[in-house]
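Below is one structure, written out as structure tokens, with a few remarks after it.
The values are calculated or read from the model by the stated rules, or taken from the named source; none is laboratory data. Only a predicted model underlies this, so the values are computations on that prediction, with no experimental measurement involved. Cβ atoms come from the backbone with ideal geometry, glycine included; neighbour counts cover every protein chain shown.
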Amino acid sequence: MSTPPAVYLDTASSEPLHPAARAVLEQAFDRGYADPRRLHRPARDARLLLDNAREATAEALGVRADEVSFTPSGTHAVHLGVLGLLAGHARHGDRLVASAVEHSSVMHAGQWHAARGGRFETVPVDASGRVGDVPADATAVCLQSANHEVGTLQPVGEVATATGAPVFVDACASAGRLPLPDGWAAAAASAHKWGGPPGVGLLLVRKGARWRNPFPGDDRVDERSTGMENVPAALAAAAALQAVVADRDEVNARQSALVDRLRAGVARIADTEVVGDPSRRLPHIVTFSFLYVDGEAIVTELDRRGFSVASGSACTASTLEPSHVLAAMGALTHGNLRVSLARDTTGEDVDRLLAALPDVVARIRQDAGL
């Protein structure tokens with residue numbers, strides 16, 4: 001009897017390399033190795049590729065090319081975006097406000113700001129993970145476009161209008177899958193989340209926004225630059241982003257229907273909570289909390305059966321810390337399972353997972369003496 005194929009269901013952590021990225025990567029390495037800031041022919045060739053990557057990225061995201069900078073990671077883009085807005089508005093105050101469900105990279109930036117004498121606070125969310133009122137006197141506000149653990153969309157435009165403060169948007173979970181929300185002054189994204197190569201982040205700074213580099217600079221022309229860009233990877237990331245945006249209506253509809261099937265099927269397992277907004281959400285992410293089940297145990301058992309899934313906080317699972325996102329929502333912080341579909345996930349894959357889960361959960365509860 002043949003072994004069923006493995007099913008990768010952890011794309012919220014990292015999407016497999018998109019064929020469009022793979023197609024340009026090798027050729028880009030042949031042409032994009034030189035420092036694009038130099039004047040010789042190989043450098044000019046690299047500069048052309050970098051400019052093409054920036055233009056293609058801007059077109060896919062609906063922004064200006066001069067609003068796009070490439071960084072070594074999404075985390076670095078987050079730190080630059082958050083702290084740069086604070087530096088640009090230092091004359092107006094030092095109060096940084098973030099939702100309680102922001103990614104750990106945002107939280108760490110806030111803590112770094114507070115350790116240097118600034119003010120940092122979080123505001124609560126409802127049971128679906130959506131933020132409510134935000135203080136009107138904030139110097140800057142951090143609000144993700146969509147949550148990386150439960151998929152809930154945030155009212156970025158409404159918050160920006162209500163507060164009048166510059167808003168930093170962590171769009172790492174949603175970039176490419178959904179249009180950027182209105183109201184951002186700075187934003188960040190990460191290429192490996194949409195099928196680009198790892199090690200490419202995006203920092204977006206709106207034209208006219210007050211932003212200043214909070215870290216020591218170098219001799220680069222771009223004030224937001226953090227060293228020599230990985231030109232081949234940036235070009236491959238742009239190619240993947242364009243391909244994802246071109247197909248997203250069809251892919252989103254298919255994934256959303258599969259997630260609905262998952263939500264309904266898993267909800268039938270006793271003592272199980274489906275977490276996050278059922279409709280105003282990312283199309284590919286769903287999270288469940290199973291009472292009397294250890295999260296690591298369920299991930300290990302599903303991995304043994306060929307399913308790659310995630311548990312715990314998407315950003316702190318390796319530290320064995322409870323998810324601050326689920327805690328802020330008032331949800332069960334242990335025994336949780338996050339499933340995030342790939343672009344090629346099929347209905348058969350979902351049905352196989354739904355067939356396996358009841359037995360996995362029952363076995364773990366039985367082993368615990370329940």
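Quick notes on this one:
- Strands (runs of 3 or more DSSP E) completely within region 270-370 that count 3 or more residues being assigned by TED's automatic domain parsing to the domain that holds Arg177 and over 30 Å from Thr122 (Cβ atoms): none
- Out of Asp30, Asp45, Asp35, Asp10, sole residue that is surrounded by 13 or more Cβ atoms within 10 Å (Cβ to Cβ) and modelled with pLDDT under 90: Asp35
- Scanning region 69-88 for residues that are polar (S, T, N, Q) and in contact with a helix residue (DSSP H, G or I) (Cβ under 6 Å, 6 or more places away or on another chain) turns up Thr71, Thr75.
- Of the criteria (1) outside the structural domain of Ala234 (by TED's automatic domain parsing); (2) at pLDDT 95 or above; (3) of a type in the set (A, V, I, L, M, F, W, C), which one Ala98 fails: (1)
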